[in-house]
Amino acid sequence: MPFGDFDAWQRELLFTGGFVQDGDASEYGPEAQARFDRYIELADMVDGTEGPAAVKALITSLHAEDDHGAHGAVYGALERFPSRDLVRGAAMAVINLLEIPRDNSGHVLQLLTLLASDDDLHAFGAAFGQLQPGIRADLTALIAHHEADEWLADERSFGRLRLAQN
């Protein structure tokens, strides 16, 4: 783990992930720029050895609609995790996947389909089967949305999460 205090890193990541959005009344100033830059720096600290809790934190931090490229650092950090940790962290973050902007959730789900092994996607499916029915229905709808001409529509991704749900 490249940083010593995971809880402090996570708190700062989630705080700095709330950067200025387009149309905000607040001004883009030095403080807003420093927060934006720090968010990218915190994501870049990840080397993939931090485990599923860090995956969950990274996914949870994707709550900004207008990221101006900052989320690229988070997606890059997610790509550094071993398949098993990526899938476990995403399973831990199911509620967050439903709450973050759809474009962000689609990108994360696509990363799962492209980077996770079949065995690990089946583990995701097992976790999926343990969800409360309402959450399971919402996640099914989210996956279907992204498979319908969105992030999961291409042949590399389409159906990989659906098969894992069964």
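Data for the structure
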item: Number of the exception - I100 against (1) open to solvent by 10 Å² or more (accessible area, probe 1.4 Å); (2) over 30 Å from G4 (Cα atoms); (3) in contact with a Leu (Cβ under 6 Å, 6 or more places away or on another chain); result: (2)
item: Residue within the range 66-89 that is closer than 17 Å to W151 by Cβ and touching a Lys or Arg at 6+ places or on another chain (Cβ under 6 Å) present; result: no
item: Count - residues of the range 78-88 that are surrounded by fewer than 23 Cβ atoms within 10 Å (Cβ to Cβ) and closer than 30 Å to A32 by Cβ; result: 2
item: Helices (runs of 4 or more DSSP H) wholly inside the range 25-96 containing at least 3 residues that are out of contact with any helix residue (DSSP H, G or I) (no Cβ under 9 Å at 6 or more places or on another chain); result: 30-44
item: L152 vs. criteria open to solvent by less than 40 Å² (accessible area, probe 1.4 Å) and closer than 30 Å to R35 by Cα; result: no
item: Of residues in the range 1-42 being of a type in the set (S, T, Y) and modelled with pLDDT under 90, the one nearest to S61 (Cα to Cα); result: T16
item: Set L114, L139, L109: member being at pLDDT 95 or above and buried (at least 16 other Cβ atoms within 10 Å of the Cβ); result: L109
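The values are calculated or read from the model by the stated rules, or taken from the named source; none is laboratory data. Just so we're clear, the structure is a prediction, and the values are computed from it rather than from any experiment. Glycine gets a Cβ as well: all are built from the backbone with ideal geometry, and neighbour counts include every protein chain shown. Keep in mind that these areas ignore ligands, DNA and RNA; they rest on the heavy atoms of the full protein, side chains included. Shrake-Rupley method; radii C 1.70, N 1.55, O 1.52, S 1.80 Å.
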